[in-house]
1. Any chance you could count how many residues in the range 220-266 are hydroxyl-bearing (Ser, Thr, Tyr) and part of a loop (DSSP other than H, G, I, E, B)?
2. Suppose we filter the range 206-215 for residues that are assigned to a helix (DSSP H, G or I) and open to solvent by 20 Å² or more (accessible area, probe 1.4 Å); how many remain?
3. Only one of these is within 27 Å of the chain's Cα centre (by Cα) and surrounded by fewer than 23 Cβ atoms within 10 Å (Cβ to Cβ): Leu66, Leu8, Leu81. Name it.
4. Name the residues in the range 339-370 that are open to solvent by less than 10 Å² (accessible area, probe 1.4 Å) and in contact with a helix residue (DSSP H, G or I) (Cβ under 7 Å, 6 or more places away or on another chain), would you?
5. It is to be established whether one or more residues within the range 13-24 are more than 23 Å from Lys133 (Cβ to Cβ), in contact with a strand residue (DSSP E or B) (Cβ under 9 Å, 6 or more places away or on another chain) and not aliphatic (A, V, I, L, M).
6. Select, from Gln203, Gln189, the only residue that is part of a loop (DSSP other than H, G, I, E, B) and either at pLDDT 95 or above or not hydroxyl-bearing (Ser, Thr, Tyr) (or both).
7. Among Lys453, Lys413, Lys383, which is more than 28 Å from the chain's Cα centre (by Cα), within 23 Å of Arg235 (Cα to Cα) and either at pLDDT 95 or above or open to solvent by less than 70 Å² (accessible area, probe 1.4 Å) (or both)?
8. Whether any residue in the range 96-104 is outside any helix (DSSP H, G or I), on the phi > 0 side of the Ramachandran plot and within 25 Å of the chain's Cα centre (by Cα) is what I want to check.
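The values are calculated or read from the model by the stated rules, or taken from the named source; none is laboratory data. Source: prediction; values computed, not measured. So basically every Cβ, Gly included, is an ideal-geometry build from the backbone, and we count neighbours across all protein chains shown. Accessible surface is based on the protein model in full, side chains and every heavy atom, while ligands, DNA and RNA are left aside. Shrake-Rupley method; radii C 1.70, N 1.55, O 1.52, S 1.80 Å.
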Amino acid sequence: MKVGFVSLGCPKNQLDTEVMLHEVAEAGYEITPEETEADVVIINTCGFIESAKKESIDNILDIAWLKKHRSLKGIIVTGCLAERYRENILEEFPEVDAVLGVGSIHKIVEAIEAITVNRKKGSHRRYSSFENKETVCLGGDRILTTPDYTAYLKIAEGCDNRCAYCAIPSIRGKFRSRPMEELVEEAKQLEALGVKELNIIAQDITRYGQDLYGEYRLAELLHRITEATQIPWIRLLYCYPDKITDKLVAEIRDNPRILKYIDLPIQHISDRMLRAMNRHGDSTMIRQVIAKLRREIPGIVIRTTFIVGFPGESEEDFEELCRFVKETGFEHAGVFTYSREEGTPAYDFPDQIDEQIKQDRMDILMREQLEINEAHNKEMLGKVITVLCEDYDPVGEIHFGRGIADAPEIDGKVYFRSDTRVAPGSFVKVKIREVMDYDLIGRIVTSSTEGEKK
């Protein structure tokens with residue numbers, strides 16, 4: 001039997017897909033990348049915000065069409081949408097044969113077997129499992145879906161921050177750290193597979209260790225990973241500003257294999273909005289953390305995210321945010337319109353903002369950020385940077401990759417020319433010669449006289 005996978009949403013969800021891939025392959029099923037060739041398709045969904053829910057539903061409908069018109073025999077829906085809307089999926093999608101919550105990914109083989117048995121019996125009975133997500137074993141063997149040279153390491157699951165707009169705590173449960181020894185061992189296994197860039201992820205990596213050890217232990221975890229491996233690049237994603245400790249700052253600054261890059265979701269700068277969002281800390285704390293990071297770690301790249309159109313956001317609040325973005329000059333920033341999500345406190349807040357106003361504010365802030373990005377990129381002209389080669393584009397006859405300033409999937413690219421083909425996963429020195437919106441264009445350094453500049 002052939003099994004296909006559709007994985008949607010964030011890297012944290014992607015790791016769940018990788019665990020299920022391993023379990024399905026270990027059970028003897030053949031994995032196929034083509035849904036049209038599969039007997040069963042597993043759709044690992046996202047259900048975080050409205051656009052993600054729509055993408056998940058569209059994918060279910062597309063696969064349902066294959067079941068009706070082609071030879072597909074079974075559909076399994078897993079992930080956040082399945083956890084959040086379990087009854088709705090079973091009621092509204094009769095083509096779906098099984099639904100698994102986020103705590104039941106280790107039941108994936110059992111679900112496939114149940115579909116097979118029911119089909120042989122001519123039964124229309126459907127399989128579902130929603131085990132306690134807060135007691136399920138975290139981690140597990142997996143088949144990487146990322147390129148060989150890069151991988152994600154999920155150090156915790158769930159979230160305790162309880163932001164007013166966010167459904168993650170109800171979907172994924174309370175925050176649970178994975179034991180440090182387990183994570184160090186997994187990092188060693190990833191290195192053995194050829195991983196050269198390790199991206200540390202969780203809903204909030206800066207909280208790591210508080211539940212297991214009674215204190216934040218991210219800095220120690222990073223130190224132990226770099227002691228146990230030789231992975232050249234270790235990147236930090238999803239760090240909350242109120243938990244940036246002196247130890248973590250020092251580890252980023254002093255450890256040469258921790259990239260001088262930090263993903264610091266801020267969401268807003270108006271104190272009124274921060275309180276309404278139930279964000280931890282105020283605007284003064286946020287500014288102090290940013291100033292400290294830039295003072296203590298020269299050249300650090302800061303990525304952040306903002307939400308516009310949150311209930312009650314006034315023109316004054318939005319203008320304050322725009323001024324902050326201009327003044328701070330983030331190297332990277334993503335802007336999202338507020339998504340009104342059932343089951344969150346903000347769903348019932350008064351003064352909901354018109355969708356067009358949300359979109360207009362997002363467009364304004366994104367234009368501001370594009371100008372900032374272009375200015376940062378122009379500062380790179382003439383400099384030589386280290387680039388992790390990702391692939392070669394035969395149409396444009398050019399290689400592309402990323403520098404330390406660019407995280408996979410979310411930031412820009414570095415395009416570069418070379419007289420010889422460069423293997424994906426190779427580190428090369430590239431002199432930057434052009435700027436193209438969020439991307440850089442250059443050429444591999446061939447002369448020692450073009451020495452590296454930071």
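1. Taking the range 220-266 and keeping what is hydroxyl-bearing (Ser, Thr, Tyr), we get 226, 229, 238, 240, 245, 261.
Next, only the ones that are part of a loop (DSSP other than H, G, I, E, B) stay: 229, 238, 240, 245.
Within the range 220-266, residues that are hydroxyl-bearing (Ser, Thr, Tyr) and part of a loop (DSSP other than H, G, I, E, B) number 4.
2. So the first thing to find is which residues in the range 206-215 are assigned to a helix (DSSP H, G or I), and the list is 206-207, 210-213.
In the following step, the residues that additionally are open to solvent by 20 Å² or more (accessible area, probe 1.4 Å) were identified as 207, 210-213.
Qualifying residue count for the region: 5.
3. Criteria check complete, one pass: Leu8.
4. Glu341, Leu365, Gln369
5. Within the range 13-24, the subset more than 23 Å from Lys133 (Cβ to Cβ) is none.
No: the range 13-24 contains no residue that is more than 23 Å from Lys133 (Cβ to Cβ), in contact with a strand residue (DSSP E or B) (Cβ under 9 Å, 6 or more places away or on another chain) and not aliphatic (A, V, I, L, M).
6. On the way: Gln189 fails: part of a loop (DSSP other than H, G, I, E, B).
After applying the criteria, what remains is Gln203.
7. Result: Lys383 is the single residue among Lys453, Lys413, Lys383 that is more than 28 Å from the chain's Cα centre (by Cα), within 23 Å of Arg235 (Cα to Cα) and either at pLDDT 95 or above or open to solvent by less than 70 Å² (accessible area, probe 1.4 Å) (or both).
8. Quick first cut of the range 96-104, residues outside any helix (DSSP H, G or I) only: 96-101.
Subset that is on the phi > 0 side of the Ramachandran plot: none.
Scanning the range 96-104 turns up no residue that is outside any helix (DSSP H, G or I), on the phi > 0 side of the Ramachandran plot and within 25 Å of the chain's Cα centre (by Cα).
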